[in-house]
Every structure is written in C-alpha cells, then in structure tokens.
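**Q** Have a look at this one before I ask anything.
Read the figures in this text as sums done on the coordinates, not as results from a lab. The model shown is predicted, which means the values in this text are computed figures rather than measured ones. Every residue, glycine as well, gets a Cβ built from its backbone with ideal geometry; the counts of neighbours run over all protein chains shown.
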Amino acid sequence: MKSRIEIEAGVNGCLLISDNFTSDLTSLTKHTIGFLEQQLANQDKSRVLIVSDIEGDELVAEMFYINLSKFLKSGAVSEVVFLGSELKSRAKMFEVQRKHFFATTEEFLHSELIGSFENKAILLKVSPEYDPKRIGMYLQHLPHDTSLEIDFDAMFHNMDYFRSKLKPTTKLMCMVKASAYGSGSIEVALAMQHYGCDYLGVAFVNEGVELRQSGIRMPIVVLNPMESSLYQLFEYKLEPEICSFRILNFVAEFARSLGLRDYPVHIKIDTGMHRAGFEEGDLERLIDFFASHKELKVMSVFSHLAAADETSDEMNDFTMSQIRLFDSIAKRFESALGYKVIKHILNSAGIERFSDYQFDMVRLGVGLWGVSADSANNLRNVCSLYTKIIQIKDVKAGETVGYSRRGKVDTDKRIALVPIGYADGINRRLGNGIGYMLIGGHKAFIIGNICMDLLMLDVSDIDVKEGDKVVVFSSERPFSEIARQLDTIPYEVLASISPRVRRVYFTENIL
C-alpha cells in the first residue's frame, strides 16, 4: 500500500514530518526515518515521536504496540509523546529517554509541552481519531490553507530520466538557484545530495552559504560571485564561476592573501549567447594568467546554450555552432593548462535534444521540475499549488466584484473567495476571466481584479462548498499552461511563488 510521508518547516526551528497513520510500523521505521535522515543531513536536531493509540482489531493493535516498543529500544528517537489510554496502560513497555502521556489530543494541546519544542525533528504518527491535522496546526511554521507541494518521488523520476540519456561517467550538476525555482533550496538540495548528483549550482554566494549551514557538503558552484562576498565564498568552500578578468583578478588576489593553492574555479565561455563569459579572443590571455597564478585551478570550463529548446532548423544550426565553438575552445584551453578539466555545455533541454554532446558534465535545471523540450514528455510534475475556498456568496446581476469594479456581472453569479493573491505569486494579468483554477476537475475562472492576498472565482455552474480544495496548478493543470497564458516561461511561474506560501515536501512508498 502507499504511505504518504510529508515534511515541512515547524515552529521554533523544528522540522515536522508526518506519516499518514497505519497500524504497520514499517513506514515509520523504514521510510519515514530514511526520509528524515535525508532532510536532516548534518543538522543537530533531537528527535521527538508523537504517537497515538490505534482503533480497530485488538490483535493488530497489540502487534503495533509490541513493534513500537522494539522501535523505541533502537534509540531512533529520544523523546515520545503518547496519546491515549492504551499506550499509557503499557507505559512500562516503552524504553525511551523522555516520555509524556496524555489521555486526549486536547489535553496535549493545552499542555506546556506543546510550546516547548525547539530545534527538534518531530515525527507525527497519529491515527485519525486523535486529529493529526489539528496537532499539525500547532506545530507548523506556516499554517496556511494555501500550500505548494513538492513531490520528491517525481523529482527523482525526472532525474533518472535525464540520467538515462547520459553515459555512466558523465557528471550531473543540479541547479538549485532562486530557492530551487521557488521550491525551497535547502530541502531540494538535501534531496539531491541524498539521491546523488555531483555538483549543485546557485546564483549567489548567500545561497551557497545557506546550503552549507544546512548540512550540504557536496561541491557548490556560485554562478555570480561578487567582490563583496569573496570572504564568505572562501570561508564556506564555494567554487566561483569566472566570466571576466575583473572577477578573476579579485578571486586570485583573495586566494593569494589566504595562502591558498589550486583553489577550484569554473571558467565561463561566451559562445554566442552574449550574456556573460570570456570571448574566444581572450583565450591566450587566460592561458597566460593560469600559467602564472597557481593559487587557482580550473575545475571546469563551460558555456550556455541560448536556444536548445527551440526546434527550428535555424535554432538547431545555431545550437550546433555554439557546441562546435565550445569544443574547440575547451580543447585548446585544456591542452594549454596541461591537466584534465571538466567540460560542460548542456542544460535541461540540451540533455534531451543534444545528448551526443554531453562532454564531461551536464547541468540539470527546470527539467527536474518536469519541464520538457521533448514533445514525447516522459517527465512527471513535481510542484502543485493548492488553496481552499474560504467563503461563497451570491452576486446579483448589475453588481461588480473586486477593486475598480472590473468584475462586471451581467447575470446572477455565485463566487468563491480563495486566500491567494498577487503577493503569493498569482500574476494580476490572470484576472478578469483570463485565468482559471480547478475545483473538483471543473474550471472556475477568476472574476474581477486579483487582490494582494485574495481572489474570486466564478463558481456559478459548479457544485462547491466552503473548504473545498482549489487547484492552482498540478499534474491536472500544469504550470506551463499558465506560463503560456502569460506569454512567459515556466521558470517565472514557479519562481514567483512567495516565501509566505507553505511548502510541503512528500514522498510515497510502496510498503
């Protein structure tokens, strides 16, 4: 059977991991603890288990309590909150450093203990009778009816799909810049470290520092190192992209001042995108520089494809011209350096469409999230944005809805209010009947202007009630479709989701 395990930020620096309740502890001992290990990495958090009595078959319940006792003897957790009279009556069975017994959920939630958790990993395995959702409300860092759900199983599937196009020796860099395209850079980076990739890529030094402080130990490339951040770059052992002689000199001087030798750097070559990088005419000067500056060592040389996702003959020809130029420059550079360097030019679309030119490494970005350049899309949706109806009201013909009275109602309408707006990342251009959301599989178009924190949906022809789930985007309605409506790219839709929106990370395992 499938067990959905969710993880999210908790109160007071805690991490909250929820396992939907079953009487079999396999999900807790095998999958939940494994998921927790992935997300904790080197973080120093003691573990607390909140567990309840189970209802139903007496023999099944007894086996659950026996297995729970064995689990606690393993030392996997140091503190346990027991909910229910059955667990309390068996108190002597459970060997754990700290244990607390409460007869009811209400008693626990009104105790001093509920507010005392700080910097802990809290495992929640509570039966429906003990109201796990209510307990979660007290322990979530961002309790909110609007949430972005990130499916790690789908992300790993996508990673495997791209790997299937690579040679076993080809390295993989996963891009987690811009908070991992809005998904949460720490959680995604920890997942990538656990699942296995060779490098992580971030845009700025502060993003790399955040990952280091969260337990990431694998190599991290910083694409835009600034002079003002060089101390932290070296302090946290981050590897800079170098795209100009100005930043090259700054990095070399700083490395020299620290007495370093062979500090890894990554050289960016401009092969026609004209965004950043050294030109072909800079090659001899670059070679001379590294011949006389032993404090730095070229770890990789790379370039960026401008139009790998465009399929016209003209664009394909341009992509191939970039690849040929890069190959020529990289070979000359490596030969002059006298040692092996990693060469890479393919992004997500490049891996799918030009995998013959994978060189030594590829860079996987938005493809991780299910965006494909291939019409035969073999990728899975990773991110889903959901909210709920908080109010329903009737609007008479001739009245208007929202700011500036833009939502004109020609006939009687029924509208639903949902707690998500432009401050959460919903583009205002989707208002006034342009955009829609799904409720029970039915399209509900946005009526009136989108507000900062709210918007209104036309549900006149849909059977809905307050509290119903609303799909902003998911596998049912991909965010790439929203991007097309806005005449933009999927990256922007994902990266626009506000930090105030609750993030929930989950995995489903076959038990």
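**Q** Listed residues GLU334, GLU352; which is within 30 Å of the chain's Cα centre (by Cα), more than 20 Å from ALA276 (Cα to Cα), part of a helix (DSSP H, G or I) and in contact (Cβ under 8 Å) with a residue 24 or more places away in the chain?
**A** GLU352
**Q** Would you call LEU260 out of contact with any Leu (no Cβ under 8 Å at 6 or more places or on another chain), assigned to a helix (DSSP H, G or I) and among the hydrophobic types (A, V, I, L, M, F, W, C)?
**A** Here the answer is no, as LEU260 does not meet what is asked.
**Q** Given the conditions (1) closer than 27 Å to LYS177 by Cα; (2) touching a helix residue (DSSP H, G or I) at 6+ places or on another chain (Cβ under 9 Å); (3) touching a residue at least 12 places away in the same chain (Cβ under 8 Å), which single one is not true for GLY277?
**A** If we test GLY277 against (1) closer than 27 Å to LYS177 by Cα; (2) touching a helix residue (DSSP H, G or I) at 6+ places or on another chain (Cβ under 9 Å); (3) touching a residue at least 12 places away in the same chain (Cβ under 8 Å), just (2) comes out false.
**Q** Here is a follow-up. Name, by its number, the condition in (1) over 25 Å from VAL176 (Cα atoms); (2) crowded, with 16+ Cβ neighbours inside 10 Å that does not hold for LYS294.
**A** (2)
**Q** Counting only residues that are touching a residue at least 40 places away in the same chain (Cβ under 8 Å) and not β-branched (Val, Ile, Thr), which one in segment 298-316 is farthest from ALA252 (Cα to Cα)?
**A** In this case the residue turns out to be ASP309.
**Q** Right, something else. Restricting to helices (runs of 4 or more DSSP H) lying wholly in segment 86-194: which have 3 or more residues that are farther than 22 Å from GLN213 by Cβ?
**A** Where helices (runs of 4 or more DSSP H) fall fully within segment 86-194 and carry at least 3 residues being farther than 22 Å from GLN213 by Cβ, they are 105-109, 132-139, 152-163.
**Q** Also, quick follow-up: Condition test on TYR436, is it over 17 Å from ARG484 (Cβ atoms) and within 26 Å of the chain's Cα centre (by Cα)?
**A** Criteria not met by TYR436.
**Q** When only residues in segment 220-239 that are assigned to a helix (DSSP H, G or I) and polar (S, T, N, Q) count, which is surrounded by the most Cβ atoms within 10 Å (Cβ to Cβ)?
**A** SER229
**Q** Which ones in segment 187-219 are of a type in the set (Val, Ile, Thr) and buried (at least 21 other Cβ atoms within 10 Å of the Cβ)?
**A** VAL188, VAL202, VAL205, ILE216, listed by residue number.
**Q** Another question about this same structure. Considering (1) among the basic types (Lys, Arg); (2) assigned to a helix (DSSP H, G or I); (3) farther than 30 Å from GLU284 by Cα, say which one ARG217 fails and leave the rest.
**A** All conditions pass for ARG217, except number (2).
**Q** Please work out if ILE462 is within 24 Å of PRO490 (Cα to Cα), among the aliphatic types (A, V, I, L, M) and in a loop (DSSP other than H, G, I, E, B).
**A** So ILE462 does not fit the description; no.
**Q** Separate question: For segment 387-403, how many residues meet the condition of being under 25 Å from ASP487 (Cα atoms) and of a type outside the set (Phe, Trp, Tyr)?
**A** 2
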